[in-house]
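Here is the structure we will look at.
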Amino acid sequence: AQSVTQLDSHVSVSEGTPVLLRCNYSSSYSPSLFWYVQHPNKGLQLLLKYTSAATLVKGINGFEAEFKKSETSFHLTKPSAHMSDAAEYFCVVSDDGKAAGNKLTFGGGTRVLVKP
Amino acid sequence: DTGVSQNPRHKITKRGQNVTFRCDPISEHNRLYWYRQTLGQGPEFLTYFQNEAQLEKSRLLSDRFSAERPKGSFSTLEIQRTEQGDSAMYLCASRRPGAGNTIYFGEGSWLTVV
C-alpha cells in the first residue's frame with residue numbers, strides 16, 4: 001500500500017520569497033514520486049518527477065524537489081515565488097511494483113497563495 | 001493537440017439521469033486511468049485499463065459506475081442514476097507502461113448533479 005501526506009493544506013508567501021511545500025510518503029516498493037500543479041479550473045500539470053536517479057530533481061518554472069529516503073520525504077521548493085505560482089500543488093507517489101499498475105496516489109494538496 | 005482530451009468539459013444533470021464522459025488518450029499510450037476529484041480534495045483513483053482490459057477498480061466505483069475501453073483507444077465512463085454526491089471533476093489520464101513514466105492528465109470533465 002502507498003500513501004502521501006502533505007503537511008500543509010495552505011501556504012502563504014510574499015512574491016519574491018522562497019516557497020517550501022512539504023510531502024512525506026510511504027510505499028511498499030521503490031516509488032516514483034511526482035509533483036503536479038493545478039491552476040483554478042484547469043487540469044493537472046507535471047512539475048517534476050523522481051525515478052531513482054538523482055535525488056535532487058529540477059522541474060519547470062524554477063521548482064525543484066529533493067528525495068530523502070531516510071526521511072521518506074519529497075519536499076518541493078522554489079527560491080523566489082511569482083504571482084503565477086498561486087495554485088494547488090499535489091505530491092504524488094506511483095507504486096511501481098508489477099501488480100500495482102503504476103497508478104498514482106495523491107496527497108491532499110497544498111494551496112499556495114502569493115501576496116504582492 | 002496531442003494531449004489527453006476529455007468531453008464534455010462540463011455537464012449539469014438532474015438527479016437520477018445517466019451521464020457519459022469520453023476520454024481520448026495520447027496516441028500509443030496503452031494505459032488509461034480515471035480519477036475523481038471533489039472540491040478541496042486530491043484526485044482519487046477509480047479504475048485503469050491496459051489496452052482494452054480493465055485491470056483494477058476502486059471500491060469508490062459503485063455499481064452505478066461503468067467504464068469501458070472497447071478497442072484499447074478511447075474510453076467512456078458512465079454514471080447511471082446520478083446522485084448529488086457524484087458531483088465532482090472526473091479526470092482521465094494516460095501513460096506508456098514502465099516505471100517512472102509520466103502520467104498525462106486531461107483537463108477533466110466537471111459534473112454537477114442538481
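The values are calculated or read from the model by the stated rules, or taken from the named source; none is laboratory data. Remember, it's a predicted structure, so these values are computed and weren't measured experimentally. Heads up: the accessible areas ignore ligands, DNA and RNA and are worked out on the full protein's heavy atoms, side chains in. Shrake-Rupley method; radii C 1.70, N 1.55, O 1.52, S 1.80 Å.
For chain A, list log₁₀ I(q)/I(0) at each q in 0.22 Å⁻¹, using the Debye formula over Cα point scatterers of equal strength and ignoring solvent, two decimals each. Taking Cα atoms of chain A as identical point scatterers yields -1.24. Solvent-accessible area of chain A (1.4 angstrom probe, protein heavy atoms only): carbon and sulfur portion equals 53 percent. Checked against a 27 Å cut-off, the cross-linked pairs A:Lys49/A:Lys78; A:Lys49/B:Lys71; A:Lys42/A:Lys69; A:Lys42/A:Lys68; A:Lys78/B:Lys11 give Cα-Cα distances beyond that limit for A:Lys49/B:Lys71; A:Lys42/A:Lys69; A:Lys42/A:Lys68; A:Lys78/B:Lys11. Put simply, the C-alpha atoms of the range A:1-51 give a gyration tensor, and the ellipsoid matching it has half-axes of 23, 15, 11 Å, longest first.
The residues of the range A:17-116 present an accessible area of 46 Å² per residue when probed at 1.4 Å with all protein chains retained.
Relative to its residue count, the range B:1-68 spans a Cα convex hull of 116 Å³ per residue. Among the protein heavy atoms, those of A:Tyr25 account for about 20 Å² of accessible surface (1.4 Å probe, every chain in place). A 1.4 Å probe, protein heavy atoms only, puts the accessible area of A:His82 near 100 Å². The B-A contact accounts for roughly 1700 square angstrom of buried accessible surface, both chains included, probe 1.4 angstrom. With all protein chains in place and ligands, DNA and RNA left out, the 1.4 Å accessible area ranks A:Phe106, A:Phe90 as A:Phe106, A:Phe90, largest first.
When only alpha carbons of the protein assembly as shown are considered, Rg and Dmax amount to 17.6, 51 Å.
What the pair-distance distribution of the range A:41-96 shows, using all Cα-Cα distances binned every 10 Å from zero, is 20, 55, 23, 3 percent. Short to long, the 10 Å bins of the Cα pair-distance histogram for the range B:20-114 hold 17, 53, 27, 4, 0 percent of all pairs.
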